[in-house]
Amino acid sequence: MPTVAELSEPYGNFMLGPRPGPDVCSLCFNLTDGWGRCYACGESEQWLDAMTAISYSVAGEQLHHALISYKRVPGAAGRHCAMGLAAVLWRYLARHERCLAHAAGVAAFTVVTTVPSSDAARGDAHPLHALASELVGPVRDRYAPVLRRSAVEVEPHRFSARKYAPRRGLAGCSVLLIDDTWTTGANAQSAAAALKAAGAGTVAAVVIGRHVNRGWRHNDHHLNRLPQPFDWEKCALCEAARTDAPDALPDGAISTRRAM
């Protein structure tokens, strides 16, 4: 049986870890060509207390294909992608979940859940549910399917506090929300709004791939400057800690809690 490191290591050859900087959105790590926030974050409601992305998912490239294939490709090929992505998530969270907790202002997350499919008919059959509840060791014992897709009609990539409905109350729990891809952030922000309506205290999100297009303005130049191979010991929040606030936390992590 391959180890988590063995399954995730091939992804390190093409993953690109986001890093904070003058051309990076301070909320979602989108590439902005000089702006402090990307257009989507500037226009949408902010319900997450913190967010991080493991890697950029560059349109048409390998991580992008894996994130599509684990959901859409049947048989062994789809399962192979699911196992690899689960290993990526496992390896990242084992090292950096606490960085996200610090950024959100909590000691730890007591509940872990996923953003449901936008297709209500799919329900718990979405493979992301299986990844978090069965395959990813650091979170599976805390996982609960807290949200479901509501019957409210919402345009794709649009925020709605009614898009998802809670299955239970959360009574002040701190929640780690997992999604596979962040494009505009509308799904994750909608899910966070529903979790807080259910009583969640703090909600922070981790996504496997922050979607970007290499051909937009100076994105190719920015992506080419990111370190390769992927450094599993560093995350976007670790790197923000090195140059940000003075009140350092363990292992160089500091609070980078988002301004709401």
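Worth a mention:
- Within segment 7-224, DSSP assigns beta bridges of which about 20% are antiparallel (rounded to the nearest 5).
- Amide proton proximity set for Leu170, modelled H, under 5 Å, gap of 5+: Gly199, Ala200
- Secondary-structure-derived ellipticity at 222 nm for the chain, considering helices only, amounts to -9500 deg cm²/dmol, per-run term -39500 (n - 2.57) for DSSP H runs with n ≥ 4.
- Think of the chain as having a plus end and a minus end, set by charges on the Cβ of Lys, Arg, Asp and Glu; of Ala103, Ala161, Gly137, Ala161 sits farthest toward the positive end of this dipole.
- Less than 5 angstrom separates the built amide H of Thr181 from those of Ile208, Gly209, all sequence-distant by 5 or more or on a different chain.
- In this structure the amide hydrogen of Met51, modeled in the peptide plane, comes within under 5 Å of the amide hydrogens of Ala205, none closer than 5 places in sequence on its chain.
- Nitroxide proxy distance, nm - points 7 Å out along Cα→Cβ at Asn213 and Arg168: 4.2 nm
- Within the chain, all pairs of alpha-carbon atoms sorted by distance into 5 Å bins from zero give the percentages 1, 6, 13, 19, 21, 19, 13, 6, 2, 0, 0.
- Highest-first arrangement of 55-64, 142-151, 70-79, where packing means the average Cβ count within 10 Å: 55-64, 142-151, 70-79
- Most to least packed among 101-107, 24-30, 209-215 [average Cβ atoms within 10 Å]: 24-30, 101-107, 209-215
- Taking segment 22-50 and a reference point 7 angstrom along Cα→Cβ of Asn224, the backbone N atoms nearer than 17 Å belong to 33.
- Dipole moment magnitude, nearest 20 debye, segment 7-224 about Cα centre, only Lys, Arg, Asp, Glu C-beta charged: 400 debye
Bear in mind that the values in this text are calculations on the coordinates, not laboratory data. Computed from a prediction, not measured in an experiment: that's the story for all the values here. Here Cβ is always computed from backbone atoms with ideal geometry, including for glycine, and neighbour counts include all displayed protein chains.
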